[in-house]
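Asker: Next up is a structure, given as C-alpha cells.
The values are calculated or read from the model by the stated rules, or taken from the named source; none is laboratory data. As the structure is a computational prediction, the values presented were derived from the model and not from experiment. Because the Cβ atoms are built from the backbone with ideal geometry, glycine has one as well, and the counts that use them run over all protein chains shown. Calculation scope for accessible area: heavy atoms of the full protein, side chains included, ligands and nucleic acids excluded. Shrake-Rupley method; radii C 1.70, N 1.55, O 1.52, S 1.80 Å.
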Amino acid sequence: MNYANIKNNDIANGEGVRVSLFVSGCTHRCKNCFNKIAWDFNYGNPFDEEVEKKIIKMLEPNHIKGLTLLGGEPMEPANQSALLPFVKKVKEIYPNKTIWCYTGYLFDKELLSESRAHLPITKELLSYFDVLVDGKFVEELKDITLRFKGSSNQRVIDVQKSLQENTVVFSKYNEKKHQEFHIIY
C-alpha cells in the first residue's frame, strides 16, 4: 500500500486534534473529490514500518485525540490488509485514542455484506474503529455546514455500538452542523 500524505495536528477530520493518514488508491472516483491525486494506487510513498513508527510517535502527545484514516480509500480491498496490523498496533499502544475512518463504501450494505469491499478481514479491521464516516461524496448533496462530512448522504457511525447491536448506530456527530457565530464590532 502507498500513502499520499500524513497530517499532524489535523482538526478537520474527526474530533479533536488528530493525526491523519491519507492512503493512496480509490475506485469510487467521486465528482469533485477533494483529493483526486490519491485515486492512483501508485501515488505517494510506500507505507512501511518506518512510516508506521513515525505515525505512532506523532500520536504520543496527550493533546492528540487519535488517528484518522482517509484517502484515497482506506477500505479498498488492496488497502485493508496493510491497515489491519497497523490499526491493531495503534489500539494496543494507545487504547484511549480514537480511530476514525472515512470511506465511500456503505458500512452495512458493502463492508459487512457481500461486495467487492467485503473481505474475510473486513469485520476485524472495522472492530478497531470508533467512528466510520461512510458513503461516497456526492457533489449535488454537498453541504459545507455539516460537521465531519462533505455531503448530506454520508453517515457518521458509532462503529463499536453498531457491531454490538448488529445495526447501524449513528454517532453523536451524525447531524450536527458547524456552529454559526457572529462577530460584533
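Asker: Sort out which residues of the range 141-160 are over 18 Å from K31 (Cα atoms) and in a strand (DSSP E or B), and write them in order of number.
Answerer: Here is the first cut: in the range 141-160, the ones over 18 Å from K31 (Cα atoms) are 145-148, 155-160.
Once the filter is applied, which keeps residues that are over 18 Å from K31 (Cα atoms) and in a strand (DSSP E or B), the range 141-160 yields L146, R155, V156, I157, D158.
Asker: Right, something else. Check every one of the strands (runs of 3 or more DSSP E) wholly within the range 1-77 and list those with 2 or more residues that are closer than 18 Å to K136 by Cβ and open to solvent by less than 40 Å² (accessible area, probe 1.4 Å).
Answerer: Details: elements: 2-10, 17-23, 64-71.
Answer list for the range 1-77: 17-23, 64-71.
Asker: Anything in the range 120-142 that is open to solvent by 40 Å² or more (accessible area, probe 1.4 Å) and either touching a His at 6+ places or on another chain (Cβ under 6 Å) or farther than 20 Å from K89 by Cα (or both)? List them, or say none.
Answerer: Result: K136, F137, V138, E139, E140, L141, K142.
Asker: Can you name the residue in the range 89-127 that is touching a strand residue (DSSP E or B) at 6+ places or on another chain (Cβ under 8 Å) and among the polar types (S, T, N, Q) and is also farthest from H28 (Cα to Cα) among such residues?
Answerer: So in the range 89-127, the residues touching a strand residue (DSSP E or B) at 6+ places or on another chain (Cβ under 8 Å) come out as 90-91, 94, 97-107, 111, 126.
Those still in the list that are among the polar types (S, T, N, Q) too: 98, 103.
Numbers: T98: 26, T103: 10 Å.
Within the range 89-127, the match that is farthest from H28 (Cα to Cα) is T98.
Asker: Let me ask you something else. Kindly evaluate E92 against the criterion of being of a type in the set (D, E) and not in a loop (DSSP other than H, G, I, E, B).
Answerer: So E92 fits the description; yes.
Asker: Quick check: is even one residue across the range 100-107 under 24 Å from I144 (Cβ atoms), in a loop (DSSP other than H, G, I, E, B) and open to solvent by 70 Å² or more (accessible area, probe 1.4 Å)? Show your work before the answer.
Answerer: So in the range 100-107, the residues under 24 Å from I144 (Cβ atoms) come out as 100-107.
Going one step further and asking which of them are in a loop (DSSP other than H, G, I, E, B), we end up with 103-106.
From what is left, the residues that are open to solvent by 70 Å² or more (accessible area, probe 1.4 Å) are none.
No, the conditions are met nowhere in the range 100-107.
Asker: Would you confirm whether or not the range 77-97 contains a residue that is at pLDDT below 95 and among the β-branched types (V, I, T)?
Answerer: No: zero hits.
Asker: Among the residues in the range 80-98, are any out of contact with any helix residue (DSSP H, G or I) (no Cβ under 6 Å at 6 or more places or on another chain), over 22 Å from K54 (Cα atoms) and either open to solvent by less than 30 Å² (accessible area, probe 1.4 Å) or in contact (Cβ under 8 Å) with a residue 60 or more places away in the chain (or both)?
Answerer: No, the conditions are met nowhere in the range 80-98.
Asker: Based on what the data block shows, is S162 exposed (fewer than 15 other Cβ atoms within 10 Å of the Cβ), of a type in the set (S, T, Y) and at negative phi?
Answerer: Working: exposed (fewer than 15 other Cβ atoms within 10 Å of the Cβ): no; of a type in the set (S, T, Y): yes; at negative phi: yes.
Answer is no for this residue.
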